[in-house]
Amino acid sequence: MESGMVILQFDNITTQLVKALVFIIAVGISFDRKNVKVIK
Amino acid sequence: MKKRIIRLAGVFLVPFALFFLFMLLSDGFGFQSIPILLGQSMIPTVIGLAMAPIMQTELMDFSIGARVVFGSVVGSVCACYFGITGFFIGCLVGSLVIALILALVYRLVKIPSLVVSFAMLMLTEVAAYWLADAIGKSYIVKIPESIYSIGSYPYNIVFTVSAGIIFYLIMYNTKIGSLINAVGNDEILAINMGVNSQNVKLKAFLLSGFFGSICSVILICYSGTVAVQTGMVTINMVFKPMMGVMIGLTLLRLCNNIPLMILIGELCISIIFNGLIALGISDNFQNILLGVFLLLVLGISGNTEKIREAARKRETRRLQAAVIPK
């Protein structure tokens with residue numbers, strides 16, 4: 001992803017935006033909600 | 001009663017003791033440093049007040065720095081069009097909107113607040129950058145002197161004290177204050193008793209947004225400018241207030257007044273770091289000390305029960321040894 005953004009010549013701001021969105025989507029998909037009683 | 005007075009005196013003696021210690025160690029540190037210490041403690045104190053409702057519900061929030069900067073940028077934009085009223089409303093709306101989005105994302109996506117706050121930190125930095133870029137093509141956002149003079153030293157103390165009083169009234173005299181404490185102490189128990197913990201957390205985030213807006217005002221009024229930064233730089237604004245809040249929450253056993261304890265905690269931090277600067281200690285070493293101090297504060301405040309239990313056992317053994325003849 002890092003390399004792809006460099007190739008696509010994303011600036012720092014767009015890179016940060018994409019990283020934030022990917023981060024939250026990745027954790028949102030992979031987080032195991034069933035085995036957690038209370039999400040802190 | 002006597003014990004309580006001794007405890008209170010002990011709490012208030014800590015910043016004085018630190019101040020006189022550094023005064024003895026360094027020639028450049030003295031009574032002339034008091035305005036600087038007070039002025040520098042105000043922003044971390046209000047950030048601490050903004051972090052406290054969230055931390056009391058056992059959540060973590062590292063986005064407060066970015067939210068505060070975003071509030072300042074929105075306030076300065078509104079100040080251009082609507083003057084001083086627009087400035088205050090802009091700071092309030094800017095900070096509240098981000099806090100609301102943070103709370104809604106946490107609630108809807110159902111992932112840990114730490115993750116949401118990191119993502120929101122990055123997104124808010126980007127939003128502040130775009131806004132600053134749109135209005136002036138600059139990383140430095142300025143407001144006129146007529147506006148920033150109302151929130152600069154010593155008036156920032158008035159803002160901080162007002163924020164502290166509002167915080168005290170909300171946390172000790174309202175239902176939501178009690179519910180925040182209840183959810184923080186044992187969320188499952190609170191849910192079983194019929195408390196809607198998600199609503200309480202949402203309100204805690206909104207409270208954080210409100211105090212964040214006061215900090216936005218103080219931040220931009222401190223020098224009349226605010227620098228819009230990206231690359232998660234605004235996270236640096238969180239560490240010192242977090243230490244102050246941890247110290248404050250630890251001191252709560254001695255005096256049950258959160259805003260006052262946070263102020264004392266932040267004053268201690270401010271005295272320590274200004275004292276280190278007066279002693280000529282390098283920036284790198286200060287960062288090392290900051291890290292060590294943060295670990296110590298978090299370690300002690302997170303293990304107070306264990307420490308107390310160990311002290312109780314030691315005392316019991318000592319009493320047993322005194323009673324049982326050898």
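Residue-level check: of (1) surrounded by fewer than 24 Cβ atoms within 10 Å (Cβ to Cβ); (2) within 13 Å of another protein chain (Cβ to nearest Cβ), B:Ala204 misses just (1). Collect the residues in segment B:130-156 that are touching a helix residue (DSSP H, G or I) at 6+ places or on another chain (Cβ under 6 Å) and either crowded, with 23+ Cβ neighbours inside 10 Å or closer than 18 Å to B:Val217 by Cα (or both), keeping them in residue-number order. Answer for segment B:130-156, where residues must be touching a helix residue (DSSP H, G or I) at 6+ places or on another chain (Cβ under 6 Å) and either crowded, with 23+ Cβ neighbours inside 10 Å or closer than 18 Å to B:Val217 by Cα (or both): B:Leu131, B:Ala132, B:Val141, B:Ile143, B:Ile147, B:Tyr148, B:Gly151, B:Ser152, B:Tyr153, B:Asn156.
Kindly indicate whether any position in segment B:130-140 is away from chain A (no Cβ under 14 Å), touching a strand residue (DSSP E or B) at 6+ places or on another chain (Cβ under 6 Å) and not in a helix (DSSP H, G or I). Checked against the condition, which is being away from chain A (no Cβ under 14 Å), touching a strand residue (DSSP E or B) at 6+ places or on another chain (Cβ under 6 Å) and not in a helix (DSSP H, G or I), segment B:130-140 yields at least one hit.
Reported count of residues in segment B:158-192, each being part of a loop (DSSP other than H, G, I, E, B) and either among the basic types (Lys, Arg) or farther than 18 Å from B:Asn257 by Cβ (or both), is 1.
For segment A:5-21, filtered to residues that are in contact with a helix residue (DSSP H, G or I) (Cβ under 7 Å, 6 or more places away or on another chain), aliphatic (A, V, I, L, M) and more than 9 Å from chain B (Cβ to nearest Cβ), the residue that is farthest from B:Val105 (Cα to Cα) is A:Met5.
From B:Val245, B:Val195, B:Val183, B:Val233, which residue is within 14 Å of chain A (Cβ to nearest Cβ) and surrounded by 24 or more Cβ atoms within 10 Å (Cβ to Cβ)? Write out each step before concluding.
Working: B:Val245 fails: within 14 Å of chain A (Cβ to nearest Cβ); B:Val195 fails: surrounded by 24 or more Cβ atoms within 10 Å (Cβ to Cβ); B:Val233 fails: surrounded by 24 or more Cβ atoms within 10 Å (Cβ to Cβ).
Residue meeting the stated conditions: B:Val183.
Being in contact with a helix residue (DSSP H, G or I) (Cβ under 8 Å, 6 or more places away or on another chain), without any contact (Cβ under 8 Å) to a residue 40 or more places away in the chain and closer than 19 Å to B:Phe62 by Cα is the requirement here; does B:Val126 meet it? No. Looking at segment B:287-306, can you tell me whether even one residue there is over 30 Å from B:Val46 (Cα atoms) and either out of contact with any Phe, Trp or Tyr (no Cβ under 6 Å at 6 or more places or on another chain) or surrounded by fewer than 17 Cβ atoms within 10 Å (Cβ to Cβ) (or both)? So far as segment B:287-306 goes, yes, one or more of its residues are over 30 Å from B:Val46 (Cα atoms) and either out of contact with any Phe, Trp or Tyr (no Cβ under 6 Å at 6 or more places or on another chain) or surrounded by fewer than 17 Cβ atoms within 10 Å (Cβ to Cβ) (or both). Residues in segment B:89-113 that are over 13 Å from B:Phe205 (Cα atoms) and within 8 Å of another protein chain (Cβ to nearest Cβ): B:Val109, B:Lys110, B:Ile111, B:Pro112.
Comparison of B:Ile84, B:Ile98, B:Ile147, B:Ile89 shows that the only residue that is part of a helix (DSSP H, G or I), over 25 Å from A:Val22 (Cα atoms) and in contact with a Phe, Trp or Tyr (Cβ under 6 Å, 6 or more places away or on another chain) is B:Ile147. When B:Ile281, B:Ile269 are checked against the criterion of being surrounded by 10 or more Cβ atoms within 10 Å (Cβ to Cβ) and farther than 16 Å from B:Gly244 by Cβ, a single residue qualifies: B:Ile281.
What number of residues within segment B:205-223 are farther than 16 Å from B:Ala163 by Cβ and modelled with pLDDT of 90 or more?
Just the residues of segment B:205-223 that are farther than 16 Å from B:Ala163 by Cβ, to begin with: B:205, B:223.
Then keep just the ones that are modelled with pLDDT of 90 or more; that gives B:205.
Residues that pass the stated criteria total 1.
Name the one entry in B:Ser63, B:Ser76 that is within 14 Å of another protein chain (Cβ to nearest Cβ) and in contact (Cβ under 8 Å) with a residue 40 or more places away in the chain. Can you show your working first?
Values: B:Ser76 fails: within 14 Å of another protein chain (Cβ to nearest Cβ).
The match here is B:Ser63.
Among the residues of segment B:15-37, those identified as surrounded by fewer than 17 Cβ atoms within 10 Å (Cβ to Cβ), under 23 Å from B:Ile157 (Cα atoms) and touching a residue at least 40 places away in the same chain (Cβ under 8 Å) are B:Pro35, B:Ile36.
For B:Ser117, the conditions (1) within 18 Å of B:Gly48 (Cβ to Cβ); (2) in contact (Cβ under 8 Å) with a residue 60 or more places away in the chain; (3) buried (at least 19 other Cβ atoms within 10 Å of the Cβ) are fulfilled apart from (2). None of A:Ile24, A:Ile39 is closer than 21 Å to B:Met120 by Cα, in a helix (DSSP H, G or I) and within 10 Å of another protein chain (Cβ to nearest Cβ) except A:Ile24. Counted as qualifying within segment B:234-315 are the helices (runs of 4 or more DSSP H) with 2 or more residues that are within 25 Å of B:Gly28 (Cβ to Cβ) and free of Cβ contacts under 8 Å to residues at least 40 places away in the same chain, namely B:258-278, B:283-302. Among residues of segment B:207-230 being surrounded by fewer than 22 Cβ atoms within 10 Å (Cβ to Cβ) and part of a helix (DSSP H, G or I), the one that is nearest to the chain's Cα centre (by Cα) is B:Phe210.
The values are calculated or read from the model by the stated rules, or taken from the named source; none is laboratory data. Model, not experiment: these values are computed from the prediction. All Cβ positions, glycine included, derive from the backbone under ideal geometry; neighbour counts span all protein chains shown.
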